[in-house]
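Undergrad: Shown below is the structure under consideration.
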Amino acid sequence: MAADEKKMLSTFNRLTLVARHLSRSPAALIGTRRCESSLSNRNLLINHPRKMYRIEERGAPNTLEHRIFFRDEFGPVSPFHDIPLFANQEQKVFNMVVEVPRWTNAKMEICKEEPLNPIKQDVKKGKLRFVANCFPHHGYIWNYGALPQTWENPNVVDERTGCKGDNDPIDVCEIGHRVAKRGDVLQVKVLGTIALIDEGETDWKVIAIDVNDPLAAELNNIEDVEKHMPGFMNATVEWFRIYKMPDGKPANEFAFNGAPKPHEFALEVIVEAHEHWKKMVAGQVDCHGVNSTCVSADGAPCKVPISEAQEIVKKSPELTDGPGLESEVDKWHYTHLQK
């Protein structure tokens, strides 16, 4: 292991959780959904006070104005910057923000460019983006989301892949049995990672499982996935390889020929991305348009008081009913199977 990598692992063991807000009474929330994750588990004891996050939807679903803001017991927070990376640092349990629940295909993502970074649907050529259903799949085959307080740095070439970062938080595929809800904050343990090369950029896909999943005790490294879920990792690599082909793009490429890398390797990737995030949120590097407005992130010069965060949320229209979806979003595509 190189000296820099040893230093990263040492840094990993020294990292501490983000300081708590000053206590105040939680406000009554209108149009919110509670996103609680019980941290009790017979296999993993998480010695950390339970943190509850709620979502507050604004605007009409299935429209360009729809936003999903996050709140903790004190008020609005940024899911990118304020939710801590670690749920339990000692046991290496991470927080994961769910953007796309399994079996759905609306391309929802943390909005990097807007203050407080709400989840919104990606837009392509002025239209809401839905990922094509490549037969036999329908939507995403895992709960898909992001690790908060991580950043794949587009200023730096990743020595593992030879490509710069994609300017996003690290993506996570949570492979447990439960279909999560959009905006859930799950506590996950990392099993490994694959390295997608997306249009010339490094795009890590961390493989993880909810610590409360019945299978969590059996899955501790990437090879355990094949043992208990045979064929699943092959299906995961194939999904990422083909999912843009119905849009007329070529098959995606991977570093390491698509071979999943193990638990310790994935931890090094996460630690490095966390260090990149800290420099970005502190304004020490070119942020490439990332909005760092937050309420509690350590080292962030763009912190705002709760009252100002409330006003940011209120600038979005109130939640209303949205239009129905066109049947086209459920269409199966066979491009990847055609010779």
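The values are calculated or read from the model by the stated rules, or taken from the named source; none is laboratory data. Because the structure is predicted, anything quoted here is derived from the model rather than measured. Counting neighbours? That spans all protein chains shown, and the Cβs are built from the backbone with ideal geometry, glycine included.
Undergrad: Test residue 304 against the stated conditions and say whether it is among the β-branched types (Val, Ile, Thr) and more than 21 Å from the chain's Cα centre (by Cα). I'd like the intermediate steps shown before the answer.
TA: Numbers: among the β-branched types (Val, Ile, Thr): yes; more than 21 Å from the chain's Cα centre (by Cα): yes.
It is true that residue 304 is among the β-branched types (Val, Ile, Thr) and more than 21 Å from the chain's Cα centre (by Cα).
Undergrad: Quick one: what pairs do we get from the range 169-190, first residue more than 19 Å from residue 52 (Cα to Cα), second in a loop (DSSP other than H, G, I, E, B) and among the aromatic types (Phe, Trp, Tyr), C-beta under 6 Å, 6+ apart or different chains?
TA: 173/142; 174/142; 175/142
Undergrad: With the checklist (1) without any contact (Cβ under 8 Å) to a residue 12 or more places away in the chain; (2) crowded, with 17+ Cβ neighbours inside 10 Å in hand, flag the one item residue 212 doesn't pass.
TA: Result: residue 212 fails condition (1) only.
Undergrad: Still on this structure, please answer the following. How many residues does the range 280-327 hold that are without any contact (Cβ under 8 Å) to a residue 12 or more places away in the chain and in a helix (DSSP H, G or I)?
TA: Of the residues in the range 280-327, 5 are without any contact (Cβ under 8 Å) to a residue 12 or more places away in the chain and in a helix (DSSP H, G or I).
Undergrad: Would you pick out the residues in the range 87-104 that are under 15 Å from the mean Cα position of the chain (by Cα), surrounded by fewer than 24 Cβ atoms within 10 Å (Cβ to Cβ) and more than 15 Å from residue 183 (Cα to Cα)?
TA: 93
Undergrad: Also: Just to be sure before I move on: is residue 164 at pLDDT 95 or above, touching a Lys or Arg at 6+ places or on another chain (Cβ under 6 Å) and in a strand (DSSP E or B) in the structure I sent?
TA: Against the criterion (at pLDDT 95 or above, touching a Lys or Arg at 6+ places or on another chain (Cβ under 6 Å) and in a strand (DSSP E or B)), residue 164 does not qualify.
Undergrad: Answer yes or no: is there a residue in the range 171-193 that is of a type in the set (D, E, K, R), surrounded by fewer than 19 Cβ atoms within 10 Å (Cβ to Cβ), at pLDDT 95 or above and touching a Cys at 6+ places or on another chain (Cβ under 9 Å).
TA: Step one: list which residues in the range 171-193 are of a type in the set (D, E, K, R), which gives 171, 174, 178, 181-182, 184, 189.
In the following step, the residues that additionally are surrounded by fewer than 19 Cβ atoms within 10 Å (Cβ to Cβ) were identified as 178, 181.
Restricting the remaining residues to those that are at pLDDT 95 or above gives 178, 181.
Adding the requirement that they be touching a Cys at 6+ places or on another chain (Cβ under 9 Å) leaves 181.
Within the range 171-193, one or more residues are of a type in the set (D, E, K, R), surrounded by fewer than 19 Cβ atoms within 10 Å (Cβ to Cβ), at pLDDT 95 or above and touching a Cys at 6+ places or on another chain (Cβ under 9 Å).
Undergrad: Output yes when any residue across the range 278-295 is of a type in the set (D, E, K, R), farther than 14 Å from residue 206 by Cβ, surrounded by 14 or more Cβ atoms within 10 Å (Cβ to Cβ) and modelled with pLDDT under 95, and no when none is. It would help to see each step written out before you state the result.
TA: The first filter runs over the range 278-295 and keeps only residues of a type in the set (D, E, K, R), leaving 278-279, 286.
Next, from what is left, pick out any that are farther than 14 Å from residue 206 by Cβ: 278-279, 286.
Narrowing the set further to residues that are surrounded by 14 or more Cβ atoms within 10 Å (Cβ to Cβ) leaves 278-279.
So of that shortlist, the ones also modelled with pLDDT under 95 come out as none.
No, because not a single residue in the range 278-295 is of a type in the set (D, E, K, R), farther than 14 Å from residue 206 by Cβ, surrounded by 14 or more Cβ atoms within 10 Å (Cβ to Cβ) and modelled with pLDDT under 95.
Undergrad: Consider the range 221-238. How many of its residues are surrounded by fewer than 18 Cβ atoms within 10 Å (Cβ to Cβ) and either part of a helix (DSSP H, G or I) or of a type in the set (Ser, Thr, Tyr) (or both)? Quick ask: steps written out before the conclusion?
TA: First, pick out the residues of the range 221-238 that are surrounded by fewer than 18 Cβ atoms within 10 Å (Cβ to Cβ): 221, 223-224, 226-232, 234-235, 238.
When the remaining residues are screened for being either part of a helix (DSSP H, G or I) or of a type in the set (Ser, Thr, Tyr) (or both), the result is 223-224, 226-228, 232, 234-235, 238.
Total meeting the criteria: 9.
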